[in-house]
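A quick write-up on the structure given underneath.
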Amino acid sequence: MKVTLRFLFIPLLLFCLQTLARDATLEGYLKDSAGDPVQFVNVAFKEVQIGTTTDAEVFFRLSVPAGQRLTLIVSHLGYNKKEIEIEVAPGETKELEITLEPLVTALPDVEVRDRQIRGTDVTRIDPRLTASLPGPSASIERLIQTLPGVATASELSAQYSVRGGSYDENLVYVNGIEIYRPFLVRSGQQEGLSFLNPDMVSSISFSAGGFNAQYGDKMASVLDIRYKRPREFAGSFSLSLLEGSLHLEGISGNERFSYLLGVRYKSNQYLLGTLDTQGDYSPSFSDIQTMLRYEISDAWQLSFLGNFNDNLYNFEPDVQRTRFGTITDVREFTVFFDGRETNRFTTATGALSLEYQPHDDFSLQLISSIFQSDERENFDIIGQYWLQRVETDMGQDDFGQPTGEALGVGTFLNHARNYLNAIVWNAETKGLWKVNDQELRWGLKFQHEDIYDRLNEWNMIDSAGYSLPQQPSDAVLLQDTLNTRIQLQSNRLSGYIQNTWDFERGHGRFSFTAGLRANYWDFNEQWVISPRSTLLYNPNRADQWTFRASAGYFHQPPFYRELRNLRGQLNQDIRAQEAIHLVLGSSYQFTAWERPFQYTTEVYYKFLNDIIPYQLDNVRIRYYADNISEGYATGIDMKVHGEFVPGIDSWMSLSFMQARERIEGAYTFNEKGDKTDAGYIPRPTDQRLHFSMFFQDFLPRNPSYQVQLGYFYSTGLPFWPPRDDLNVTYGRMPSYQRVDIGFSKQLIGEDTSFSEGSPFRHFNSMWLTAEVFNLLEINNTISYSWIKDVENQLFAIPNYLTSRLINLKLIARF
C-alpha cells in the first residue's frame with residue numbers, strides 16, 4: 001500500500017511544481033454553427049510548442065505564458081481552420097467559446113462523422129444519429145448494431161453479440177463507470193429501457209476487440225460513453241406511439257455548477273400487438289437520470305451520476321396461432337391460454353467522482369459507485385394446444401385451412417416465482433500523466449458483490465392424457481424444476497497500467513500502446529494477468545492509409561450468472577474464461593464523386609480457453625457453470641462510410657465470422673442412432689454472415705424532406721432442444737432480415753422565423769417522422785417452443801418477431 005501511494009502522489013508532486021512556473025490559463029469550449037459540441041479538435045499556438053486536443057466533453061485547458069500576444073490555431077477535419085489572437089494577463093483564467101464552420105453544407109442535426117481514434121482500435125460515432133436511425137427503439141445499442149463485427153437477432157432487444165461472443169462479454173461504461181443490466185430477463189419484450197440515455201450523450205466510443213488494458217475484464221467488446229458538459233441552457237423532447245423522452249441541461253451563472261436531467265417512458269404495447277401471441281400486453285418502462293457537476297476550483301471537480309430504472313411487464317395471453325413449414329407442408333400451431341405473467345426489474349445506480357486536474361497533462365480521479373437490482377419474475381400460464389396440418393392443395397375447397405388432422409394435442413403449465421436482489425459496490429482511482437510524446441494511465445479498483453437469489457420454477461407437459469416425462473408410478477414429474485436459494489458475497493481487486501509512445505521514423509509515424517491488467521477474486525482465489533498492446537502506423541508517402549495491429553490476453557472472471565448451472569447450483573471451482581485476441585486492421589481515406597469516404601477492415605482470430613458453455617433462448621443465457629470448453633472465433637469485418645449523398649453520411653458494414661467450440665463430454669447421434677463425440681460445434685452466437693446498412697437522403701431542392709433507411713441481414717443462429725445434458729445435436733434458424741424506413745420533415749430550422757409572442761420562437765429545430773417498421777413484413781424467428789407427443793417426439797414451433805407497423809415521431813430541440 002505504501003508503494004502504491006508513492007506511485008500515485010510522486011507524479012502529482014512533480015506536476016504541481018511544474019504548474020507553478022506557468023501563471024496564466026486558457027480554457028475553451030468548441031461547437032459548430034448549429035450550436036452542437038465538436039469533439040477532438042486540435043488546439044495549438046503558432047509561436048510556442050503548447051497544444052492539446054479537446055476531450056470527449058469538447059473542453060480544453062492550457063497553461064500559457066502570461067503577457068504575450070499569441071495566435072491560437074483551431075483545426076478539425078471537416079471544418080475550416082480558425083486563428084484567434086489572444087493575450088492572457090498574469091494569474092488570469094481566460095475562457096473562450098469557439099464556433100467552427102463546416103467545410104461542406106451540412107443538413108441541420110444530421111451531419112455525422114464516423115472516425116477512428118488514431119492510435120487505438122476504437123470507433124467513434126455521433127450520438128445524434130440515434131434519432132435518425134429508424135427502428136422500434138431510439139437507443140445507442142441499436143446504433144452499435146450497425147457496426148461491423150456486431151450482430152443482432154431481435155429488434156426488441158438492446159443486446160448484441162460481438163465477433164461470436166455472448167451478450168455477457170460486452171463492457172459498457174458511462175463516464176468511466178461500469179454499467180450493469182438485470183439478470184432475469186428472458187425475452188426482448190421484457191427488457192424495457194437500457195441505462196444509456198441518447199439525449200444526454202456527447203460521445204460514443206466502441207471497440208470490437210483488441211482494446212487496451214484500461215478497460216475491464218470482458219472478452220468481446222467495450223462501449224465507452226461520455227455524457228455532455230453543458231455550457232448553456234438547452235433541452236429536447238420526443239414523442240412517438242411507442243415512447244417519449246424529455247431532457248434538460250444548463251449551467252449556473254458563475255459556470256461552476258452544471259446539470260443534465262433525462263426522463264424517459266416507453267410502452268411497446270402497440271408493437272407487441274403484431275406478435276403471433278395475442279393477449280393483453282401491459283408493459284410500462286420508465287427511468288430518470290441525472291448528471292451533476294460542480295467545479296470546486298480550477299483544479300478540482302466533483303460530479304454525480306444517478307439513475308433509477310423501473311421496467312414493469314404485465315401480460316395476459318389469450319391465443320396464439322403460428323404457421324410454419326414449407327410450401328407443400330404447412331402446419332398450424334394453435335394455443336388457448338389462461339393465466340398471467342408479471343415481471344418487474346427495478347435498478348438504481350449512483351456514482352460519485354472527484355477529479356483533480358491541475359494541468360491538462362495530468363489528472364487523478366477517485367470514483368465510488370453502487371448498483372442495486374431488484375428483480376421479480378412471476379407467472380402461471382396454462383395452455384391447451386393443437387398442432388394440425390394446413391391444406392396446401394389449391395384445388396381443394398379448404399385450401400389454406402387446417403385439415404383437422406391433429407398431429408399433437410396437449411396441455412402445458414409453466415410456473416415461476418423467482419426473486420433476485422443484487423448489490424455491487426466499488427471504489428477506484430484512476431490517473432493520467434502526459435509527458436512529451438508519452439501518455440501514462442493507471443488505475444486500481446475494489447469491488448464488493450452481495451447477491452441473493454431465490455429460484456422456484458417448473459413446467460409440465462401433458463400430451464394426449466400422458467404427463468411427460470412418464471413415470472412407472474402414478475406420480476407426475478415436473479420438468480425443468482428449479483427450487484433453490486443462493487446467498488453470495490464476494491470481493492474483487494483489479495488494476496491496470498498502460499503507456500502510449502508516439503514517435504516518428506523516416507518513413508512514417510508510429511503510436512504504440514502497451515499495458516498490463518490484473519484481477520483477483522476471493523470466491524475462487526484466482527489471480528489473472530492480461531498483457532495487451534496496440535500498434536498504429538501511418539506512412540508518410542501514403543498518408544491516407546492507417547494500419548493497426550493489436551494483441552493481448554482478455555480474461556473474464558465469472559459473474560453471478562456464469563456461476564449458476566442449469567440446476568441452480570453454484571460451482572465453487574470455476575475459473576476465469578480466457579481469450580487471446582490477434583487483430584490486424586487498416587483504414588483508407590479516399591475521395592469519390594468529389595466527396596470524402598473511408599474504408600476500414602479488420603481481420604481477427606481469437607483463441608478461447610477455459611470457456612463456460614451456455615444455452616441461448618431468446619435473450620436468456622443459461623450456463624453450464626463449468627470450464628469444459630475450448631474454441632476459437634475468426635473472421636473479417638469491413639465498413640465503408642462517407643457522403644453517398646452530398647453533405648450527409650451513410651455507411652455499410654459486412655462481416656464474415658466463424659465461432660466454434662469443443663465441449664468436454666459433448667456428443668451427438670449418427671444416422672444409426674449411436675452416440676458419437678461431437679467435436680467442434682458452432683457457438684450459440686455463430687452467425688456466419690452479417691450485413692447492415694444505414695443510408696440517408698434528402699430532396700436536393702428542399703433538404704427539409706429526408707429519408708432514412710436501416711437494413712439488417714444475418715444468417716441464422718444455431719439452436720438446440722431444451723436439455724440439461726451434453727447432447728449438442730443442433731439445427732439452424734432461418735436468416736434474420738429486416739428493413740426499417742423513416743420519412744422526415746423539418747418543421748422548424750435555423751431559417752424559420754416566428755413572431756415575438758409565438759411560443760415556437762424558443763425552438764432551434766423540430767422534426768416530424770413517419771416510420772415503417774419491418775417494411776418487407778418478414779417473419780423473423782427469435783426462438784422455438786418445444787412440445788412433445790405421447791411418443792416423446794419433439795416438435796419445434798417458431799416464435800416470430802414483430803410484423804409491419806407504422807410509427808409517428810416528433811423530435812424538438814430548444
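The values are calculated or read from the model by the stated rules, or taken from the named source; none is laboratory data. All values derive from a computational prediction rather than experimental measurement. Here the Cβ positions follow ideal geometry from the backbone for every residue, glycine too, while neighbour counts run over all protein chains shown. Just the protein is used for accessible areas: all its heavy atoms, side chains included, with ligands, DNA and RNA removed. Shrake-Rupley method; radii C 1.70, N 1.55, O 1.52, S 1.80 Å.
Data for the structure
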read-out: Failed condition for residue 668, given (1) farther than 30 Å from residue 125 by Cα; (2) outside any strand (DSSP E or B); value: (2)
read-out: Residue count for region 758-805, restricted to those that are modelled with pLDDT of 90 or more, part of a loop (DSSP other than H, G, I, E, B) and open to solvent by 40 Å² or more (accessible area, probe 1.4 Å); value: 6
read-out: Members of region 410-430 that are within 26 Å of the chain's Cα centre (by Cα) and among the small types (Gly, Ala, Ser); value: 422, 427
read-out: Residue, nearest to residue 796 (Cα to Cα), within region 419-431, restricted to residues that are of a type outside the set (Gly, Ala, Ser) and surrounded by 19 or more Cβ atoms within 10 Å (Cβ to Cβ); value: 420
read-out: Test result for residue 808, modelled with pLDDT of 90 or more, assigned to a loop (DSSP other than H, G, I, E, B) and open to solvent by 60 Å² or more (accessible area, probe 1.4 Å); value: no
read-out: Count of residues meeting criterion [within 30 Å of residue 559 (Cα to Cα) and open to solvent by 30 Å² or more (accessible area, probe 1.4 Å)] in region 497-513; value: 1
read-out: Which numbered condition residue 210 fails, given (1) under 15 Å from the mean Cα position of the chain (by Cα); (2) open to solvent by less than 10 Å² (accessible area, probe 1.4 Å); (3) not charged (D, E, K, R); value: (1)
read-out: Residue within region 237-245 that is out of contact with any helix residue (DSSP H, G or I) (no Cβ under 9 Å at 6 or more places or on another chain) and closer than 26 Å to residue 492 by Cβ present; value: no
read-out: Candidate set from region 569-614 (those that are open to solvent by 60 Å² or more (accessible area, probe 1.4 Å) and of a type in the set (Asp, Glu)); member that is farthest from residue 210 (Cα to Cα); value: 594
read-out: Unmet requirement for residue 328, which otherwise passes all of (1) open to solvent by less than 10 Å² (accessible area, probe 1.4 Å); (2) in a loop (DSSP other than H, G, I, E, B); value: (1)
read-out: Residues that are modelled with pLDDT of 90 or more, under 22 Å from the mean Cα position of the chain (by Cα) and open to solvent by less than 30 Å² (accessible area, probe 1.4 Å), drawn from region 615-634; value: 615, 621, 623, 633
read-out: Pair list, Cβ under 6 Å, 6 or more apart: region 550-574 residue among the aromatic types (Phe, Trp, Tyr), other residue part of a loop (DSSP other than H, G, I, E, B); value: 554/219
read-out: Selection status of residue 701, touching a residue at least 24 places away in the same chain (Cβ under 8 Å), basic (Lys, Arg) and out of contact with any Cys (no Cβ under 7 Å at 6 or more places or on another chain); value: no
read-out: Considering residues of region 695-717 that are assigned to a strand (DSSP E or B) and touching a Leu at 6+ places or on another chain (Cβ under 6 Å) only, the residue most open to solvent (accessible area, probe 1.4 Å); value: 705
read-out: Residue in region 299-318 that is outside any strand (DSSP E or B), closer than 25 Å to residue 255 by Cβ and either among the basic types (Lys, Arg) or open to solvent by 10 Å² or more (accessible area, probe 1.4 Å) (or both) present; value: yes
read-out: Residues being farther than 30 Å from residue 452 by Cβ and open to solvent by 50 Å² or more (accessible area, probe 1.4 Å) - total across region 399-418; value: 7
read-out: Hits in region 331-346 (condition: among the polar types (S, T, N, Q) and open to solvent by 20 Å² or more (accessible area, probe 1.4 Å)); value: 342, 346
read-out: Matching residues, region 718-757, being open to solvent by less than 20 Å² (accessible area, probe 1.4 Å) and assigned to a loop (DSSP other than H, G, I, E, B); value: 728, 749
read-out: Hits in region 215-263 - residues which are charged (D, E, K, R) and either over 30 Å from residue 577 (Cα atoms) or open to solvent by less than 10 Å² (accessible area, probe 1.4 Å) (or both); value: 228, 229, 231, 232, 243, 249, 255, 256
read-out: Selection count where residues are touching a residue at least 12 places away in the same chain (Cβ under 8 Å) and either outside any strand (DSSP E or B) or open to solvent by less than 40 Å² (accessible area, probe 1.4 Å) (or both), scope region 379-398; value: 9
read-out: Contacts under 9 angstrom Cβ, first residue in region 226-247 being closer than 12 Å to residue 138 by Cα, partner of a type in the set (Phe, Trp, Tyr) and part of a strand (DSSP E or B), 6 or more apart; value: 243/265; 243/285; 244/237; 244/265; 245/237; 245/265
read-out: Residue within region 673-684 that is farther than 18 Å from residue 143 by Cα, part of a strand (DSSP E or B) and open to solvent by less than 20 Å² (accessible area, probe 1.4 Å) present; value: yes
